[in-house]
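**Q** Before anything else, here's the structure in question.
The numbers here are math on the coordinates, done by the rules we state, and not lab data. Model, not experiment: these values are computed from the prediction. So basically every Cβ, Gly included, is an ideal-geometry build from the backbone, and we count neighbours across all protein chains shown.
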């Protein structure tokens with residue numbers, strides 16, 4: 001892999017992976033924000049349950065489901081991010097070995 005075309009292809013591949021990583025970082029941030037919001041709402045809802053507000057127990061259960069889903073999305077994005085970072089490392093090693 002010593003041609004200009006090969007180098008260009010590697011650089012384009014690297015750019016695509018970096019863009020992918022940026023998107024995954026953004027997705028993780030969105031998940032973190034959602035998790036924080038759901039946790040805050042859950043605290044309010046727990047207070048409502050303690051005060052006997054009608055419908056609060058069902059709302060609390062729905063929030064727990066929503067939280068579990070957000071945590072799962074965060075974990076999935078983390079796994080994808082790790083895989084993308086590994087691919088980026090591999091491309092960087094190829095570039096360094098030129």
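**Q** May I ask you to list the residues in the stretch 1-25 that are touching a residue at least 24 places away in the same chain (Cβ under 8 Å) and within 18 Å of residue 79 (Cα to Cα)?
**A** Answer for the stretch 1-25, where residues must be touching a residue at least 24 places away in the same chain (Cβ under 8 Å) and within 18 Å of residue 79 (Cα to Cα): 17, 18, 20, 21, 24, 25.
**Q** Tell me the residue from 27, 93, 64 that is part of a helix (DSSP H, G or I) and surrounded by fewer than 11 Cβ atoms within 10 Å (Cβ to Cβ), please.
**A** Criteria check complete, one pass: 93.
**Q** Within the stretch 67-86, work out how many residues are under 17 Å from residue 12 (Cα atoms) and surrounded by fewer than 16 Cβ atoms within 10 Å (Cβ to Cβ).
**A** Adding up the residues that qualify gives 2.
**Q** Of everything in the stretch 30-43 that's exposed (fewer than 13 other Cβ atoms within 10 Å of the Cβ) and over 19 Å from the mean Cα position of the chain (by Cα), which residue is nearest to residue 81 (Cα to Cα)?
**A** Only one residue tops the list, namely 40.
**Q** Inspect all residues belonging to the stretch 71-88 and state whether any of them is outside any helix (DSSP H, G or I) and either in contact with a helix residue (DSSP H, G or I) (Cβ under 8 Å, 6 or more places away or on another chain) or within 23 Å of residue 30 (Cα to Cα) (or both).
**A** No, the stretch 71-88 contains no residue that is outside any helix (DSSP H, G or I) and either in contact with a helix residue (DSSP H, G or I) (Cβ under 8 Å, 6 or more places away or on another chain) or within 23 Å of residue 30 (Cα to Cα) (or both).
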